[in-house]
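The structure appears below as structure tokens.
The values are calculated or read from the model by the stated rules, or taken from the named source; none is laboratory data. Source: prediction; values computed, not measured. Cβ placement follows ideal geometry from the backbone for every residue including glycine, while neighbour counts extend to all protein chains displayed.
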Amino acid sequence: ADPPPMTVDYSVYLVTDSRPAILAPGRRLAHVVDAALRGGATAVQLRDKLGSDADVAAQARELLGLTRARGVPLLINDRVGVALEVGCEGVHLGQDDMDVAQARRMLGPGKIIGVSARSPAEAVAACDAGADYLGIGTVFSTTTKTDTATILGPAGVGAILAALAAAGHASVPTVAIGGIDAANAPAVLAHASAPRKPLDGLAVVSAIVAAADPAAAAARLLSAVLRARVPLVVERVARATPVSHNMTNLVVQNLAANVALAVGASPIMANYALEAPDLAGLGGALVINMGTVTPEGLDNFVKALAAYNDAGRPVVLDPVGAGATAVRRDAVKKLLSAGTFAVIKGNASEMLTVHSVITADDQEHQRQPPREAQRGVDSTATLTITQRAALARSIARGRGRPCVAVVTGVSDIISDGRRTARVDNGHELLGAITGSGCSLGTVLSAAVAAYEEDPFVAAVAATVMFGVAAEMAAARSDVRGPGTFVPAFIDELHAVRRATAERDWRWLALAK
Ligand code: 3NM
Ligand code: MG
């Protein structure tokens with residue numbers, strides 16, 4: 001098969017429909033698509049069964065302006081000639097449309113060709129023919145498409161996924177389609193996944209196009225898809241036992257090492273940079289925790305960062321107390337200019353310092369400061385969720401060196417600059433013990449090391465797992481306060497991992 005034409009995130013795949021029954025009269029499709037992209041739609045298909053080719057081409061050109069601005073692919077349903085003419089990223093073909101081979105000849109190897117599949121046989125045949133992804137449906141009955149055949153239900157989708165895995169097509173991305181919305185999405189994602197072939201996303205028409213608030217609708221769907229990936233990351237960490245190399249302060253070493261072991265990672269607490277090149281060769285990740293800064297320590301951080309960057313292995317920065325002293329602010333500055341971080345994690349006050357360091361020597365940021373973030377500089381306690389999301393997004397995009405930014409708090413905000421998620425799990429007892437924030441840094445390192453294909457998803461999963469385990473621990477009758485919480489928390493992190501291995505994901509019902 002041809003290599004996939006581009007890396008596409010199929011998580012939330014918006015399929016358009018401009019008929020008045022779906023797109024409320026008076027609304028423009030472009031506005032809806034723009035809002036959906038803002039909310040988190042990751043792919044768009046222009047589907048218009050009624051318009052002329054010229055109309056569809058004009059609409060495609062307008063949408064292409066929006067999707068290109070966000071790095072999201074635009075595909076066109078059925079009309080290969082229009083796709084060719086407007087130069088969009090590809091096409092989606094139904095079973096009655098042009099066959100894949102002919103579309104490929106017309107479009108060339110660089111374009112995406114998706115195919116609708118209603119049965120295991122159709123799915124396997126489409127992959128054999130070279131489809132780049134499959135739309136599997138119809139999952140639930142829908143009024144959007146009137147000629148739907150069988151209603152598969154989530155289990156029917158699961159059977160198709162199993163057939164694909166058995167036929168050696170496990171790597172072909174799949175989305176489910178038909179009657180899906182935020183309410184039934186968790187069930188589709190949980191029950192429509194074969195063990196080794198999870199869905200890559202959900203395709204929807206009415207759940208976004210007919211929604212009162214398309215941005216919010218897209219965000220809800222993205223949350224559901226991300227949440228469903230948490231067990232994959234948890235499982236991967238346990239299977240891969242990634243090395244988590246921590247350069248951290250003395251106070252948290254023991255807790256962080258125990259937390260790493262509980263989630264299935266392999267902790268190494270080593271502050272001497274000369275060891276870093278060898279340790280980076282073990283295929284894990286590094287945590288640089290600024291909890292104790294000394295000139296010698298900072299020098300070790302910089303050298304270890306270079307070693308991990310050279311080895312292409314991820315580094316997590318935990319800028320502990322970044323704004324507290326001039327020394328720490330300078331340390332942040334030195335570290336940010338010394339190399340690349342996969343993840344930067346801190347509370348709102350620490351992250352505001354990180355942000356101010358980035359903006360101080362970044363012309364691009366000076367021209368476009370995130371107003372929401374700056375307004376809150378003096379009183380971090382008053383940063384709203386929206387302001388913290390803006391802060392995370394801005395750090396994630398910063399310095400021409402993108403990273404995943406995690407702003408911790410009662411709600412944790414995670415952003416890669418393009419996608420932003422909010423995790424509401426956790427417990428106040430985490431704030432009553434030492435090293436909880438630092439040990440989240442350790443879990444983040446294990447997750448990004450084990451789930452390299454998407455550090456954003458890895459960070460969301462680490463944060464959810466951490467917060468859920470804290471809630472489960474705090475709810476235990478043997479936990480009476482901070483002292484009894486610590487061992488219970490380690491137990492529950494381990495329990496989440498064990499439950500995941502047994503595919504008993506009831507704990508995931510707690511994920512918020
Ligand atoms: N294809 P809604 S179902 C475009 O089964 C389309 O292949 C389907 O719309 C298939 O999300 C469908 O509003 C319509 O139910 C999906
Ligand atoms: Mg068709």
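So, in the range 96-131, of the ones that are part of a loop (DSSP other than H, G, I, E, B) and touching a strand residue (DSSP E or B) at 6+ places or on another chain (Cβ under 6 Å), which residue ends up farthest from ligand 1 (Cβ to nearest atom)?
Residues of the range 96-131 that are part of a loop (DSSP other than H, G, I, E, B), as a first pass: 96-99, 108-111, 118-119, 129-131.
Then drop every residue that is not touching a strand residue (DSSP E or B) at 6+ places or on another chain (Cβ under 6 Å), which leaves 111, 131.
Working: LYS111: 20, ALA131: 14 Å.
Per the stated criteria, the residue is LYS111.
Tally the residues that are buried (at least 23 other Cβ atoms within 10 Å of the Cβ) and more than 16 Å from ligand 2 (Cβ to nearest atom), restricting the search to the range 90-108.
The qualifying residues number 0.
Would you mind finding the one in VAL468, VAL479 that is surrounded by 24 or more Cβ atoms within 10 Å (Cβ to Cβ), of a type in the set (Val, Ile, Thr) and farther than 15 Å from ASN347 by Cβ? Break it down into steps so the answer makes sense when it comes.
On the way: VAL479 fails: surrounded by 24 or more Cβ atoms within 10 Å (Cβ to Cβ).
On inspection, the qualifying residue turns out to be VAL468.
If we scan the range 152-174, do we find a residue that is buried (at least 24 other Cβ atoms within 10 Å of the Cβ) and within 16 Å of ligand 2 (Cβ to nearest atom)?
No; the residues of the range 152-174 include none that is buried (at least 24 other Cβ atoms within 10 Å of the Cβ) and within 16 Å of ligand 2 (Cβ to nearest atom).
For the structure I just gave you, tell me whether GLY441 is closer than 15 Å to VAL343 by Cα and modelled with pLDDT of 95 or more. It would help to see each step written out before you state the result.
Working: closer than 15 Å to VAL343 by Cα: yes; modelled with pLDDT of 95 or more: yes.
Yes.
Mind counting the residues in the range 501-512 that are over 14 Å from GLU471 (Cβ atoms) and under 19 Å from the mean Cα position of the chain (by Cα)?
Filtering the range 501-512 down to residues over 14 Å from GLU471 (Cβ atoms) leaves 501-505.
From what's left, under 19 Å from the mean Cα position of the chain (by Cα): none.
Going through the range 501-512 one residue at a time, the tally reaches 0.
Which one of these is buried (at least 22 other Cβ atoms within 10 Å of the Cβ) and within 16 Å of ligand 1 (Cβ to nearest atom): LEU29, LEU37, LEU50, LEU14?
Numbers: LEU29 fails: buried (at least 22 other Cβ atoms within 10 Å of the Cβ); LEU37 fails: within 16 Å of ligand 1 (Cβ to nearest atom); LEU50 fails: buried (at least 22 other Cβ atoms within 10 Å of the Cβ).
When all the criteria are applied, what remains is LEU14.
Kindly establish whether ARG118 is of a type in the set (Lys, Arg) and within 16 Å of ligand 2 (Cβ to nearest atom).
Values: of a type in the set (Lys, Arg): yes; within 16 Å of ligand 2 (Cβ to nearest atom): yes.
Against the criterion (of a type in the set (Lys, Arg) and within 16 Å of ligand 2 (Cβ to nearest atom)), ARG118 qualifies.
Being crowded, with 24+ Cβ neighbours inside 10 Å, under 19 Å from GLY178 (Cα atoms), modelled with pLDDT of 95 or more and within 16 Å of ligand 2 (Cβ to nearest atom): is that true of ALA203 here? I'd like the intermediate steps shown before the answer.
Working: crowded, with 24+ Cβ neighbours inside 10 Å: yes; under 19 Å from GLY178 (Cα atoms): yes; modelled with pLDDT of 95 or more: yes; within 16 Å of ligand 2 (Cβ to nearest atom): yes.
Answer is yes for this residue.
Return yes when VAL82 is crowded, with 16+ Cβ neighbours inside 10 Å, part of a strand (DSSP E or B) and within 14 Å of ligand 2 (Cβ to nearest atom) and no when it is not.
Numbers: crowded, with 16+ Cβ neighbours inside 10 Å: yes; part of a strand (DSSP E or B): no; within 14 Å of ligand 2 (Cβ to nearest atom): yes.
Judged against the criteria, VAL82 is not a match.
Suppose we keep only residues that are outside any loop (DSSP other than H, G, I, E, B) and within 16 Å of ligand 1 (Cβ to nearest atom) within the range 166-185. Which one would you say is farthest from the chain's Cα centre (by Cα)? Show your work before the answer.
Of the residues in the range 166-185, the ones outside any loop (DSSP other than H, G, I, E, B) are 166, 174-177, 185.
Still in the running and within 16 Å of ligand 1 (Cβ to nearest atom): 174-177, 185.
Values: THR174: 17, VAL175: 16, ALA176: 18, ILE177: 21, ALA185: 16 Å.
Looking at residues that are outside any loop (DSSP other than H, G, I, E, B) and within 16 Å of ligand 1 (Cβ to nearest atom), I get ILE177.
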